[in-house]
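Chemist: Take a look at this one; I'll ask things after.
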């Protein structure tokens, strides 16, 4: 923060801060249960208050309060651009927030069972994932498909994730040599809690095992690595398209 403030002074740039100069209120999206799983009962929304304007009832294309905070920052940036002569209508801002798409960020990629794909690969993003599953998805049995790189705080992620899942399917990705072996993941998980787990040689095998174990009312969550998401998403999205 000190460095940022110093650079702003040197450049003569304003420093606009969340929770000081602008604020937001988040309305979680709600996902339907049962046969319509994967469909929204209501989409997430955000209200943003700045010193210049009150932005109310804007729909968000992304799930999670952390994305509402990101949206508030984007709105604050728009206001700075407007102050410098840019013409950006309110409706353009609302449309952009409602239609933004970011693959593998709490992305619903399959239904029955519901499959949620997320790139959470550190402790903070794992906590955000858990909170969004709690607020936006109906209570159901949750299964975790997980792989991670060896430079990540895997134990920290497990401490966040383990209490909220019924079983973990631990695997590895092949697109990067830094993948932690599944057996090592299992050892780490056992130190962090009592979540039952199985190990699988490939991400595809882990996904197949999770689906075999899931009921129609289960939720499968894929998390731990961008590389894992990158390996599984083409398969899952291809199935949805077909």
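Chemist: Where both partners of a DSSP beta bridge lie in segment 91-242, what percent of those bridges are antiparallel, to the nearest 5?
Modeler: Percentage antiparallel, nearest 5: 20.
Chemist: Can you give the relative contact order of the chain as a percent, counting alpha carbon pairs under 8 Å and 6+ residues apart? Don't skip to the answer; put the middle values down first.
Modeler: Working: 445 pairs, mean separation 45.9, N = 242.
Relative contact order, the chain: 19 percent.
Chemist: Another question, if that's okay. Based on alpha-carbon atoms only, what is the radius of gyration of segment 107-241 relative to the globular estimate 2.2 N^0.38 Å?
Modeler: Compared with the compact-globule rule of thumb, segment 107-241 sits at 0.93.
Chemist: Label residue 52 and residue 198 with points 7 Å out from Cα along Cα→Cβ: what is the distance between them in nm?
Modeler: If labels sit at residue 52 and residue 198, their model points lie 5.6 nm apart.
Chemist: For the pair residue 178/residue 153, report the inter-label distance in nm, with labels modelled 7 Å from Cα in the Cβ direction.
Modeler: Those two pseudo-labels are separated by 1.6 nm.
Chemist: Quick one: what does P(r) look like for segment 2-99 with 10 Å bins over all Cα pairs, in whole %?
Modeler: Pairs per bin, as whole percents: 15, 40, 27, 13, 4, 1.
Chemist: At 20 °C and 1.002 mPa s, grab the translational diffusion coefficient of the chain from Stokes-Einstein with a Kirkwood Rh over Cα pairs, rounded to a whole number in µm² per second.
Modeler: Estimated via Stokes-Einstein, D reaches 110 µm²/s.
Chemist: Something else about it: Relative contact order, percent, of segment 107-241 when contacts are C-alpha pairs under 8 Å separated by at least 6 residues?
Modeler: Relative contact order of segment 107-241: 38 percent.
Chemist: Work out, step by step, the length gained on full extension between residue 74 and residue 90: first 0.36 nm times the residue separation, then minus their alpha carbon distance; give nm to one decimal.
Modeler: Working: separation 16, 0.36 × 16 = 5.76 nm, distance 1.26 nm.
So the extension gain works out to 4.5 nm.
Chemist: Separate question: At what distance in nm do the modelled label points of residue 11 and residue 190 sit from each other, each positioned 7 Å from its Cα along Cα→Cβ?
Modeler: Roughly 5.1 nm, to one decimal.
Each reported figure results from applying straightforward, stated rules to the coordinates on display, with no laboratory input. All values derive from a computational prediction rather than experimental measurement. Quick reminder, even Gly has a Cβ in these numbers, built from the backbone with ideal geometry, and neighbours come from all protein chains shown.
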